[in-house]
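As structure tokens, the structure follows; a few thoughts come after it.
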Ligand SMILES: C[S@@+](CC[C@H](N)C(=O)[O-])C[C@H]1O[C@@H](n2cnc3c(N)ncnc32)[C@H](O)[C@@H]1O
């Protein structure tokens with residue numbers, strides 16, 4: 001089958017994790033870019049990438065790349081492109097643009113120029129034009145302009161892949177599904193030891209952990225991908241890929257999720273049900289202040305609440321988390337994402353720090369290793385020893 005070059009986009013900081021995922025699904029020529037990873041593969045791999053990748057936002061197929069020196073260059077080249085080979089008049093389309101150039105004042109104007117070119121091409125060829133549908137188009141075109149470099153791609157995903165299809169409801173600060181999956185992969189959780197999210201909110205981290213550990217791909221929930229509207233869509237090939245990635249019979253790995261709010265636990269429960277992982281998650285309503293670990297060597301990964309500005313309540317809250325961990329979670333590995341200011345009040349020394357954005361907020365993802373007895377941290381002397 002013919003190989004193509006693709007671009008998988010992701011969040012800043014998740015490029016290496018995404019590259020690892022791509023290698024695992026059999027992609028070739030995997031190369032890390034800025035907020036993206038380039039790779040190559042055949043049509044089945046394109047389907048597999050959309051279906052299986054947990055840390056990709058979109059999978060793009062570049063169809064034209066060139067230099068432009070004016071807005072009119074974009075129009076002319078766009079008008080000469082054989083769009084009719086990619087989609088039909090009765091299909092709707094939309095253009096999403098990202099521009100870092102002086103040639104266009106804003107991305108809307110760039111989108112408009114390319115839209116005019118496509119519409120004029122169809123009119124010139126057939127006397128009629130396809131319609132634009134900005135909400136739910138059949139065909140999505142991605143335009144990227146950086147200085148004079150312009151790349152036009154077909155977006156094979158459609159809606160961003162973080163929209164897995166299981167989030168029926170959300171709490172006030174849900175985490176992106178792609179970020180949750182990325183943090184779990186960054187943490188190097190062994191996918192066996194007791195995973196706990198003690199402040200689970202709408203359940204994203206626990207759901208992603210349960211899906212990962214049990215070999216359930218995002219595509220088992222999400223059915224809608226833009227490549228289904230492409231002229232070359234091959235349903236048999238898609239089905240074949242789906243059969244190949246079906247989880248084998250494995251011992252189910254269970255995860256634990258709790259939250260102080262009954263309302264949030266209800267939401268998380270419904271989301272887990274929609275994701276098909278309800279039997280794999282033990283939910284509990286509990287204040288972390290009194291939560292006991294369910295096993296000897298738990299693995300915690302969570303994002304406590306935080307605001308843009310640190311308040312005295314935040315200081316006390318984070319100190320409470322640190323105290324609880326020290327006194328009741330000896331022998332635990334704990335990963336937390338929050339602002340660096342909040343994490344300072346934890347009172348534990350991290351063994352790893354990773355800077356990462358959560359939305360637009362600069363955060364730190366930190367690892368704390370708590371030790372039982374006299375075990376020493378091999379790096380810098382004793383780290384987070386137990387409290388007598
Ligand atoms: C930032 S949200 C977590 C969002 C979650 N990761 C998601 O994707 O929906 C923080 C959560 O901590 C919970 N929380 C706050 N104080 C808590 C406490 N003392 N014990 C347990 N949960 C608490 C809140 O109810 C909220 O759901």
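In this structure, does residue 271 turn out to be within 18 Å of residue 213 (Cα to Cα), in a helix (DSSP H, G or I) and either free of Cβ contacts under 8 Å to residues at least 60 places away in the same chain or within 12 Å of the ligand (Cβ to nearest atom) (or both)?
When the stated conditions are applied, residue 271 passes them.
For (1) surrounded by fewer than 19 Cβ atoms within 10 Å (Cβ to Cβ); (2) in contact with a helix residue (DSSP H, G or I) (Cβ under 7 Å, 6 or more places away or on another chain), each residue gets a yes or a no:
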| position | (1), (2) |
| --- | --- |
| 44 | yes, yes |
| 78 | no, yes |
| 82 | yes, no |
| 88 | yes, no |
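Here are some residues: 46, 61. Which one is assigned to a helix (DSSP H, G or I) and more than 18 Å from residue 182 (Cα to Cα)?
46
In the same structural domain as residue 365 (by TED's automatic domain parsing), in contact (Cβ under 8 Å) with a residue 12 or more places away in the chain and under 22 Å from residue 214 (Cα atoms): is that true of residue 276 in this structure?
Here the answer is yes, as residue 276 does meet what is asked.
I'm trying to understand the selection: among the residues of segment 229-243, which are exposed (fewer than 15 other Cβ atoms within 10 Å of the Cβ) and within 28 Å of residue 255 (Cα to Cα)?
243
Given the conditions (1) out of contact with any helix residue (DSSP H, G or I) (no Cβ under 9 Å at 6 or more places or on another chain); (2) within 16 Å of the ligand (Cβ to nearest atom), and given that residue 189 satisfies all but one, which numbered condition is not satisfied?
It is condition (1) that residue 189 fails.
Pick out the one residue from 161, 168, 143 that is within 16 Å of the ligand (Cβ to nearest atom) and farther than 17 Å from residue 88 by Cβ.
The unique qualifying residue is 168.
All but one of (1) outside any loop (DSSP other than H, G, I, E, B); (2) touching a residue at least 12 places away in the same chain (Cβ under 8 Å); (3) in the same structural domain as residue 348 (by TED's automatic domain parsing) hold for residue 238; which doesn't?
(3) is the only condition that residue 238 fails.
Answer yes or no as to whether residue 115 is within 16 Å of the ligand (Cβ to nearest atom), out of contact with any helix residue (DSSP H, G or I) (no Cβ under 6 Å at 6 or more places or on another chain) and touching a residue at least 12 places away in the same chain (Cβ under 8 Å).
no
The values are calculated or read from the model by the stated rules, or taken from the named source; none is laboratory data. Note that the structure is a prediction, hence the values are computed from the model and not measured. Cβ sites come from the backbone with ideal geometry, for glycine too, and all protein chains shown count toward neighbours.
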